[in-house]
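Structure first, then comments.
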Amino acid sequence: MSHFRKSWESGLFRQLLRFLSTTVVGVVIDVGGFVLLAMAGLPAGIANLVSAGVSVLAVYALSRGMVFPGRHTVGGLLAFFGWYAVSILLFSWLIQWGVDALAIPELLAKLISLPLSFTLNFVAVRTIFAVVDRAAHRGDG
């Protein structure tokens, strides 16, 4: 078995599955909150901002402990939330655009966005924590 394949099967694949489990928790919070807020009359983009923001708090707590273990640093926290702020704004805009320009029902637009946002967020968060952990390790030297 090649080194790449072993690495993929043991480390990256396990990390991806763990990230998926934390994401499921986040999605339940996000979609549930989105539905409630949309039913309460908030526009889809605003409902997404609020529901996704709350779910990010849960995902950070779970992913830093279970998926990407390492030091909790202020830089890591700021980078994580900074990334998710960009991601949430981007996908909120895309969802609202889908609703307005393409007449996609709100919940369907939200659900369509999930696979792309999951993939993009996994790559970004994995990169962020790797950089933060390397920087923290160099600081020990």
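The values are calculated or read from the model by the stated rules, or taken from the named source; none is laboratory data. Worth saying up front: this structure is predicted, and the values here are computed from it rather than measured. Positions of Cβ are generated from backbone atoms using ideal geometry, with glycine treated the same way; all protein chains shown enter the neighbour counts. Please note that ligands, DNA and RNA were not included when accessible areas were found on the heavy atoms of the full protein model with its side chains. Shrake-Rupley method; radii C 1.70, N 1.55, O 1.52, S 1.80 Å.
Values as computed for the structure displayed
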item	result
Mean-position separation - Cα centroids, segment 32-89 and segment 109-130, in angstrom	11 Å
Nearest-20 debye value, segment 43-141 charge dipole, Cβ charges on Lys, Arg, Asp, Glu	320 debye
Segment 69-141: C-alpha pair distances exceeding 17 Å, %	52 percent
P(r) histogram, all alpha-carbon pairs of the chain included - 5 Å bins from 0, percent	2, 10, 18, 20, 17, 13, 9, 6, 3, 2, 0, 0
Segment 33-132, accessible area per residue, ligands and nucleic acids excluded (1.4 Å, Å²)	51 Å²
Kyte-Doolittle mean at least 1.0 and Cα axial length at least 20 Å: DSSP H helices in the chain	13-39, 44-62, 74-102
For segment 52-141, with +1 on Lys and Arg beta carbons and -1 on Asp and Glu, the positive-most of VAL56, GLY70, LEU89 along the dipole	GLY70
If the convex hull is drawn through the Cα atoms of segment 18-94, its volume per residue in Å³	73 Å³
Label point distance in nm, LEU120-HIS72, each placed 7 Å from Cα along Cα→Cβ	2.8 nm
Protein accessible area in segment 22-114, 1.4 Å probe - carbon and sulfur %	81 percent
Relative contact order [Cα under 8 Å, 6+ residues apart], the chain, whole percent	25 percent
GNM result for the chain, Cα springs below 10 Å: residue of GLY11, GLY53, GLY82 fluctuating most strongly	GLY11
